[in-house]
């Protein structure tokens with residue numbers, strides 16, 4: 001199965017450039033920013049309905065330039081780092097037909113993702129009543145730039161989500177059959193790191209939506225579609241790659257406890273010194289197993305999850321506080 005075209009482009013960047021992540025961001029972000037500047041995206045025209053809130057429109061243009069570049073930077077970093085992650089996880093899976101699931105199996109459907117992203121942009125994010133489709137209008141180019149930016153951004157979102165979902169399905173399959181050593185769960189942290197990276201991608205994208213409030217006015221319509229897509233994606237990208245491996249860990253933990261309890265019962269019949277020493281050791285081991293975690297992530301990964309959860313609310317809160325401070329300052 002051939003590698004999908006978007007991944008081939010990313011792999012070319014990884015092989016071609018010394019700093020592929022910022023390079024990909026610059027290749028995408030700079031032309032977009034330049035296009036929006038040329039189209040008048042940062043030129044106040046208050047006489048038009050589109051520019052009743054010029055700072056908000058400027059924020060939208062910034063979002064349309066920064067978010068696609070940021071997502072592609074993350075995806076480039078993910079492709080680079082995930083190779084070693086999948087290789088390590090694959091080494092812990094017994095050779096079987098189930099474990100040989102090919103990566104990017106769903107990648108061939110990326111054109112469908114583009115169509116879905118385009119459709120979502122047109123139906124849910126392009127407000128025809130505020131745009132001018134009259135080629136003679138002064139804001140025709142600006143309107144076209146907004147439409148193009150929305151379509152491009154949501155297409156990138158859709159393609160990125162498709163490839164992330166594809167990788168999570170692979171991790172889901174691996175989690176069913178990976179060998180679990182209940183006394184060495186750190187080897188399974190790759191599942192947790194993958195979920196953490198994908199969670200951070202979604203959280204970072206949601207935090208960027210605050211750019212739409214440069215005019216210091218929060219409107220639900222500016223955040224609704226991002227939240228409708230972002231919250232379910234965040235939940236899926238955390239649970240899908242970790243759910244089966246968690247069930248696997250819990251199963252091994254239950255089997256280990258059952259085995260230890262059986263040995264404790266057998267050892268408790270003897271009263272000699274050797275039996276008592278063995279009994280104490282088994283009880284200590286049972287306590288150790290009982291306190292063993294059942295998620296494929298250590299405390300450092302889990303604590304970062306908790307930290308990342310608060311990034312969008314803190315960004316929104318900071319913007320709201322700035323609005324209040326500026327209003328108070330301007331009011332004297």
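Here segment 36-53 is the region considered, the condition is being crowded, with 18+ Cβ neighbours inside 10 Å and part of a helix (DSSP H, G or I), and the residue that is modelled with the lowest pLDDT is 50. For the condition out of contact with any strand residue (DSSP E or B) (no Cβ under 9 Å at 6 or more places or on another chain), assigned to a loop (DSSP other than H, G, I, E, B) and either over 30 Å from residue 171 (Cα atoms) or modelled with pLDDT under 90 (or both), residue 88 does not qualify. Checking 264, 245, 260 one by one, the residue that is modelled with pLDDT of 90 or more, assigned to a helix (DSSP H, G or I) and on the phi < 0 side of the Ramachandran plot is 245 and no other.
Determine whether residue 203 is in contact (Cβ under 8 Å) with a residue 24 or more places away in the chain, under 26 Å from residue 309 (Cα atoms) and surrounded by fewer than 22 Cβ atoms within 10 Å (Cβ to Cβ). Judged against the criteria, residue 203 is a match.
In this structure, does residue 109 turn out to be assigned to a loop (DSSP other than H, G, I, E, B), closer than 30 Å to residue 149 by Cβ and either in contact with a helix residue (DSSP H, G or I) (Cβ under 8 Å, 6 or more places away or on another chain) or modelled with pLDDT under 95 (or both)? So that I can check it myself, show each step before the final result.
Details: assigned to a loop (DSSP other than H, G, I, E, B): no; closer than 30 Å to residue 149 by Cβ: yes; either in contact with a helix residue (DSSP H, G or I) (Cβ under 8 Å, 6 or more places away or on another chain) or modelled with pLDDT under 95 (or both): yes.
So residue 109 does not fit the description; no.
Within segment 275-303, residues that are at negative phi sit with their Cβ atoms under 9 Å from residues that are surrounded by 14 or more Cβ atoms within 10 Å (Cβ to Cβ) and not in a helix (DSSP H, G or I), at 6+ positions apart or across chains, in these pairs: 275/268; 279/268; 289/182; 292/182; 299/293; 301/295; 302/293; 302/295.
Conditions (1) touching a helix residue (DSSP H, G or I) at 6+ places or on another chain (Cβ under 9 Å); (2) modelled with pLDDT of 75 or more; (3) exposed (fewer than 14 other Cβ atoms within 10 Å of the Cβ); (4) within 30 Å of residue 245 (Cβ to Cβ), marked per residue:
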position	(1), (2), (3), (4)
116	yes, yes, no, yes
125	yes, yes, no, no
130	yes, no, no, no
134	yes, no, yes, no
140	no, yes, no, no
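Here 293, 285 are screened, and the one residue that is touching a helix residue (DSSP H, G or I) at 6+ places or on another chain (Cβ under 8 Å), surrounded by 13 or more Cβ atoms within 10 Å (Cβ to Cβ), at pLDDT 80 or above and assigned to a loop (DSSP other than H, G, I, E, B) is 293. Checking residue 186 against (1) within 25 Å of residue 77 (Cβ to Cβ); (2) in contact with a helix residue (DSSP H, G or I) (Cβ under 7 Å, 6 or more places away or on another chain), only one condition comes out false. Which one? Failing condition for residue 186: (2).
The values are calculated or read from the model by the stated rules, or taken from the named source; none is laboratory data. This is a predicted model, so every value here is computed, not measured. For neighbour counting, all protein chains shown are included, and Cβ atoms are generated from backbone atoms with ideal geometry for every residue, glycine included.
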